[in-house]
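Colleague: Could you have a look at this structure, given as structure tokens, before my questions?
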Amino acid sequence: MPTESDESNHMGFLQLALAEAQKCIPTPTAFCVGAVLTVHYPADSKSVTLATGYSRELPGNTHAEANALAKARTMSKEQLKELIPTLPSDFTIDDVLSHADIYTTMEPCSVRTSGLAPCANAIIDARIRKCFVGVGEPDDFVNCEGAQKLKDAGIEVVWLKGLEGECLSAARKGH
Ligand SMILES: [Zn+2]
């Protein structure tokens with residue numbers, strides 16, 4: 001069972017993801033989503049923020065989760081080592097990501113019509129441990145099966161309770 005402080009940690013990181021979602025430039029044809037990648041290395045240590053991302057932050061019709069992953073991959077070894085001093089000397093970014101969790105205001109997408117890879121695939125490829133979700137994706141655009149896709153790949157999906165309304169209204173800003 002998670003302890004009370006774990007619970008408030010999770011909500012704290014979801015709040016951070018929500019703050020990222022608020023940075024999105026709204027568009028009628030897509031959602032505004034925020035994501036936070038956290039890492040705890042070794043596994044029983046406290047989580048720290050590795051990278052953040054929001055919808056369309058990087059050029060193109062990019063998504064929050066994929067952007068957070070892309071930003072983490074551009075970090076230098078020195079930056080990573082400073083953030084996570086417990087890393088072994090021969091670490092790679094893949095080692096770091098395999099100790100990472102992602103918090104997202106909305107269920108990661110499983111279908112993309114734009115030609116970019118769905119976020120669920122990016123999360124699976126990075127071997128992220130757990131995915132904490134603020135709210136399920138409504139079927140405004142496509143039928144999302146992101147959570148199921150992650151579970152099928154062995155990634156734990158945790159639905160956080162309490163900020164569903166905030167996550168949804170942030171997502172639909174501009175609609
Ligand atoms: Zn996506």
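Colleague: Taking the options ALA170, ALA122, ALA117, name whichever one is among the hydrophobic types (A, V, I, L, M, F, W, C) and part of a loop (DSSP other than H, G, I, E, B). Explain how you work it out, then say what you get.
Modeller: Details: ALA170 fails: part of a loop (DSSP other than H, G, I, E, B); ALA122 fails: part of a loop (DSSP other than H, G, I, E, B).
Going through ALA170, ALA122, ALA117 in turn, the sole match is ALA117.
Colleague: Look at region 98-155 and say how many of its residues are surrounded by fewer than 24 Cβ atoms within 10 Å (Cβ to Cβ), of a type in the set (Val, Ile, Thr) and within 11 Å of the ligand (Cβ to nearest atom).
Modeller: Qualifying residue count for the region: 2.
Colleague: Also, quick follow-up: When ARG127 is evaluated against the numbered criteria (1) assigned to a loop (DSSP other than H, G, I, E, B); (2) under 16 Å from THR105 (Cβ atoms), which criterion, by number, is the only one it fails?
Modeller: Among (1) assigned to a loop (DSSP other than H, G, I, E, B); (2) under 16 Å from THR105 (Cβ atoms), ARG127 violates only (2).
Colleague: Only residues that are touching a residue at least 40 places away in the same chain (Cβ under 8 Å) and part of a loop (DSSP other than H, G, I, E, B): list them for region 91-111, please.
Modeller: The answer is HIS99, THR105, MET106, GLU107, PRO108, CYS109.
Colleague: Exactly one condition in (1) more than 12 Å from the ligand (Cβ to nearest atom); (2) in contact (Cβ under 8 Å) with a residue 24 or more places away in the chain; (3) not in a helix (DSSP H, G or I) is false for PRO88; which is it?
Modeller: (2)
Colleague: Kindly provide the set of residues from region 39-77 that are in a strand (DSSP E or B) and touching an Asp or Glu at 6+ places or on another chain (Cβ under 9 Å), ordered by number.
Modeller: First, pick out the residues of region 39-77 that are in a strand (DSSP E or B): 39, 48-54.
If the condition is that a residue be in a strand (DSSP E or B) and touching an Asp or Glu at 6+ places or on another chain (Cβ under 9 Å), then VAL39, THR52, GLY53, TYR54 are the ones that fit.
Colleague: Another question, then. Please verify whether ALA66 is within 12 Å of the ligand (Cβ to nearest atom), in contact (Cβ under 8 Å) with a residue 12 or more places away in the chain and among the small types (Gly, Ala, Ser), treating the condition exactly as stated. Steps first, answer last, please.
Modeller: On the way: within 12 Å of the ligand (Cβ to nearest atom): yes; in contact (Cβ under 8 Å) with a residue 12 or more places away in the chain: yes; among the small types (Gly, Ala, Ser): yes.
For ALA66, the condition - within 12 Å of the ligand (Cβ to nearest atom), in contact (Cβ under 8 Å) with a residue 12 or more places away in the chain and among the small types (Gly, Ala, Ser) - is met.
Colleague: Continuing with the same structure: Could you tell me whether any residue of region 1-23 is assigned to a loop (DSSP other than H, G, I, E, B), of a type in the set (Gly, Ala, Ser) and within 16 Å of the ligand (Cβ to nearest atom)? Break it down stepwise before answering.
Modeller: First, pick out the residues of region 1-23 that are assigned to a loop (DSSP other than H, G, I, E, B): 1-3, 22-23.
Still in the list and also of a type in the set (Gly, Ala, Ser): none.
There is no residue in region 1-23 that is assigned to a loop (DSSP other than H, G, I, E, B), of a type in the set (Gly, Ala, Ser) and within 16 Å of the ligand (Cβ to nearest atom).
All of the numbers you see were taken from the coordinates with simple rules; none came from a lab. The model shown is predicted, which means the values in this text are computed figures rather than measured ones. Don't worry about glycine lacking a Cβ; one is built from the backbone with ideal geometry, like all the others, and counts go over all protein chains shown.
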